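Student: Take this structure first; my questions come after.
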Amino acid sequence: MSTISGSDSSAGAQSSGNGFVVDVWINLKRWIVKTTRNPFVVVSSLVQPIIFLVLFTEVFGGVVGGALSEALGPGVTYVTYLTPAIIIQSALVAAAGSGIGLVDDMESGMFEKVLVSPINRVAMFLGKALSEVVRIVVQTLIILALGYVLVWLDTGGNVGTYIETGIVGAIGIIGVAIVFAIWFTAFSNIVALATRDQESTIIGANLLQFPLLFVSSAFIPIRNLPEWVQVVATYNPITYGVDAVRALMLGQDVLSVIEITTFSGIWNTLVPALTVLIALDFLLGGIAVYYLNRASSSGVR
Amino acid sequence: MTAIDARHIELTYSDGTQAVEDVTIDIPEGEFFGFLGPNGAGKTTTIKTLVTLLQPTGGDITVNGYDVEAQPQAVRESIGYMAQETSIDEELTARENVQFACEAYGVPKAERTERIDELLELVDLAGVADKVAKEFSGGMKKRLDVATALVHSPPLVFLDEPTTGLDPKARIRLWEYFRNINEQGTTVFLTTQYLEEADELCDRLSVIQDGTIVATDSPDALKSQVGGDVLEIALVDPTDETTTRARRVARDAGLFEEGTVETTDQGISVASERARQAGPDLLVALRDADITVTGFDVRSPTLDDVFLAITGHPAGEQADDEATERSAELEGEVQ
């Protein structure tokens with residue numbers, strides 16, 4: 001009897017319930033449901049971009065117009081110039097919310113509940129991260145559509161080419177938004193894990209967001225900004241995110257904080273910008289993974 | 001078979017706090033086991049090592065036949081755990097909460113709907129199944145938490161102070177569920193600071209103090225350790241001076257062959273085999289000593305008396321706040 005139960009128990013130890021993909025899906029699903037129920041999310045991914053895009057184009061459009069044609073040539077409207085910035089801003093907001101969700105889970109006990117369940121721990125975090133990706137994809141598509149509507153209204157229905165690089169470019173824009181969001185998602189989770197406090201996490205992520213946006217190439221061409229802002233913008237990741245999206249949108253090399261001419265056309269923007277962002281993703285992602293490991297491995301392993 | 005076989009568990013946090021010094025627990029399948037102790041005695045830390053959330057710094061633990069350190073995954077699959085703090089996702093509905101737990105524990109899809117309905121029925125939440133949990137009362141949330149811990153019909157369930165902070169009605173209702181589950185064959189490991197809860201539910205219990213188990217037995221056997229009945233005497237002026245005098249009278253009167261005398265809030269209490277017979281004589285002796293008695297009562301011993309006799313202080317009294325906070329912390333890095 002004892003030998004039989006002994007072999008039984010070792011067989012039981014091998015089975016790990018669901019398998020990795022299912023575990024990821026379970027967590028992804030939970031976070032997507034939570035996201036759609038959160039009014040803050042709906043406001044920040046829908047209402048806020050609309051307000052910014054409409055107000056900024058109406059208020060600054062006329063003033064910036066001249067600077068735009070000077071920097072990028074005629075035919076670039078402020079809407080098409082600004083849409084990339086709003087896409088990056090919304091990605092930033094979504095990323096900032098990631099850590100808040102994590103602290104929420106810790107405070108509600110759900111974090112521990114998942115740790116004590118057979119769910120794979122990597123799948124637990126991956127599922128949550130993917131829910132943020134889904135959110136970014138959806139809101140990027142919405143903002144692109146919104147920008148189109150504004151151009152359509154501006155031009156009286158004669159839009160011409162909206163995204164210079166076409167469908168591939170549109171997919172590329174979503175890709176850049178995701179690559180861009182990773183470092184800030186990691187940052188917000190690091191703050192969350194280090195403070196384990198909701199308010200600190202909200203403040204930590206949001207405090208950075210606005211100043212960073214303004215001292216970048218987001219709203220006005222870099223060369224029209226004061227000298228010191230230009231210096232800060234060179235070291236500001238937002239510049240690289242916005243310029244990468246903008247290069248795909250406008251079909252030209254828009255990165256002006258560092259001059260790269262090794263490649264051709266938009267690749268002179270995309271290659272350096274993505275290199276910077278991916279490096280940041282790995283750096284902050286690594287730190288976040290270290291913190292997550294520490295927070296969840298108080299048990300065995 | 002043994003549900004839990006833990007020998008000499010020891011857990012010292014990285015800051016040097018020794019939350020659990022030496023805990024040995026042996027629980028047969030099907031038992032309703034109680035783990036009783038004041039705040040900070042090491043209850044939560046012990047339970048967290050049993051459910052694989054904390055790694056013990058010493059000792060051997062087997063849960064459902066699996067080693068918690070070598071086979072944590074198998075342990076996690078075979079247990080249900082309800083944390084001290086209610087752990088549900090308030091943004092999800094009751095049904096979604098149970099569904100998430102079903103998915104997490106790999107309840108087969110074909111059985112899921114039925115299982116969810118059955119569990120919501122069990123905890124009386126079927127009527128509000130599709131309401132978001134945020135709107136629930138504390139008791140309802142707790143009951144939902146119970147349901148999520150039972151999705152996979154685990155043979156062993158850990159309940160960490162499941163009724164703390166609930167009103168008496170909600171508490172009695174939860175007791176019924178727990179008793180139900182246990183009658184269906186589930187082993188239950190319950191921690192509590194409520195003596196009447198342990199008395200009501202448990203087949204056997206251990207009393208833990210300062211990280212060490214100080215007594216293990218059935219509630220009745222523990223009560224009989226107190227030795228006889230308890231005589232409570234209320235004094236008109238229960239100051240230190242009068243109670244000390246009253247205790248001396250009770251000891252020196254030669255009325256009780258054996259027994260213990262303690263100070264209480266109202267006066268003194270005497271636990272003795274002869275409490276009933278010698279009670280009136282003690283009242284006379286107190287009157288002769290000019291101590292005014294305002295009330296007296298002879299009753300059977302409760303676990304409170306056991307607790308007092310074993311640990312030297314009443315249950316619920318804070319033993320070591322720091323240790324509780326430490327053990328409640330999620331991270332709980334261990335050395």
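Student: Taking a temperature of 25 °C and a viscosity of 0.890 mPa s, what whole-number D in µm²/s does Stokes-Einstein yield for chain B with Rh from Kirkwood over alpha carbon pairs?
Tutor: Using the Kirkwood radius from Cα pairs, D works out to 112 µm²/s.
Student: How long is segment B:25-139 along each principal axis, judged by its Cα atoms, biggest number first, in Å?
Tutor: Dimensions of segment B:25-139 along the principal axes of its Cα atoms: 45, 35, 25 Å.
Student: Further question: In whole Å, what is the distance between the alpha-carbon centres of segment B:108-158 and segment B:287-302?
Tutor: 49
Student: Right, something else. I need the fraction of alpha carbon pairs in segment A:182-278 separated by more than 19 Å, rounded to a whole percent.
Tutor: Roughly 47 percent, once rounded to a whole number.
Student: Report for the protein assembly as shown the percent antiparallel among DSSP-assigned beta bridges with both residues inside it, nearest 5.
Tutor: Antiparallel: roughly 65 percent of the beta bridges in the protein assembly as shown.
Student: Check B:Leu235: other-chain or 5+ apart residues with amide H under 5 Å from its amide H, H built from backbone geometry?
Tutor: Sorted by chain and number, the residues that satisfy this are B:Gly267, B:Ile268, B:Thr294.
Student: If you don't mind, there's one more thing I want to ask. With each label point set 7 Å from Cα along the Cα-Cβ vector, what nm distance links B:Glu10 and B:Asp167?
Tutor: Output for this residue pair reads 4.8 nm.
Student: List, in order, the whole-Hz ³J(HN,Hα) value for each residue of segment A:34-39 obtained from phi through the Karplus relation with A = 6.51, B = -1.76, C = 1.60 and θ = phi - 60°; use x for Gly and Pro.
Tutor: For segment A:34-39, the Karplus-derived couplings read 4, 4, 6, 8, 8, x Hz, x marking Gly and Pro.
Student: If you don't mind, there's one more thing I want to ask. Over the Cα atoms of chain A, how large are the radius of gyration and the largest Cα-Cα distance (Dmax), in Å?
Tutor: Just the Cα atoms of chain A yield Rg and Dmax of 22.1, 87 Å.
Student: A further question follows. What residues qualify as long-range amide H neighbours of B:Val214, i.e. H under 5 Å apart, gap of 5 or more or another chain, H built at 1.01 Å from N?
Tutor: B:Val207, B:Ile208, B:Gln209
Student: Of all the Cα-Cα pairs you can form in the protein assembly as shown, what percent are over 46 Å apart?
Tutor: In whole percent, the share of Cα-Cα pairs in the protein assembly as shown beyond 46 Å is 37.
Student: If you don't mind, there's one more thing I want to ask. Per-residue HN-Hα couplings for segment A:227-234, Karplus 6.51 cos²θ - 1.76 cosθ + 1.60 at θ = phi - 60°, whole Hz, x for Gly and Pro?
Tutor: 3, 5, 5, 4, 5, 4, 4, 5
Student: Let me ask something additional. Can you run phi through the Karplus equation (6.51, -1.76, 1.60; θ = phi - 60°) for segment A:187-201 and list ³J(HN,Hα) in whole Hz, with x for Gly and Pro?
Tutor: 4, 5, 6, 5, 4, 4, 6, 6, 9, 6, 9, 5, 4, 4, 5
Student: Strictly over 18 Å apart at the Cα level, which of A:Lys113/B:Lys142; B:Lys141/B:Lys169; A:Lys128/B:Lys109; A:Lys29/A:Lys128 would you flag in this model?
Tutor: A:Lys128/B:Lys109
Student: At a probe radius of 1.4 Å, figure out the A/B buried accessible area, summed over both chains, and give it in Å² to the nearest 100.
Tutor: The A and B chains share an interface burying roughly 3400 Å².
Student: Restricting to Cα atoms and excluding each atom paired with itself, what does the Kirkwood estimate give for segment B:135-241 in Å?
Tutor: One over the average 1/r among Cα pairs gives 16.3 Å for segment B:135-241.
Student: Also, quick follow-up: Can you bin every Cα-Cα distance in segment B:227-300 into 5 Å intervals starting at zero and give me the percent of pairs per bin, rounded to whole numbers?
Tutor: 3, 19, 34, 28, 12, 2
Student: While we're on this one: Quote to one decimal, in nm, the extra length available between A:Trp228 and A:Val22 on full extension: 0.36 nm per residue of separation minus the C-alpha distance between them.
Tutor: My answer for the length gained is 69.1 nm.
The values are calculated or read from the model by the stated rules, or taken from the named source; none is laboratory data. The shown structure was predicted, so the numbers you read here are calculated from the model rather than taken from an experiment. Backbone-built Cβ (ideal geometry, glycine too); neighbour counts: all protein chains shown. Heads up: the accessible areas ignore ligands, DNA and RNA and are worked out on the full protein's heavy atoms, side chains in. Shrake-Rupley method; radii C 1.70, N 1.55, O 1.52, S 1.80 Å.
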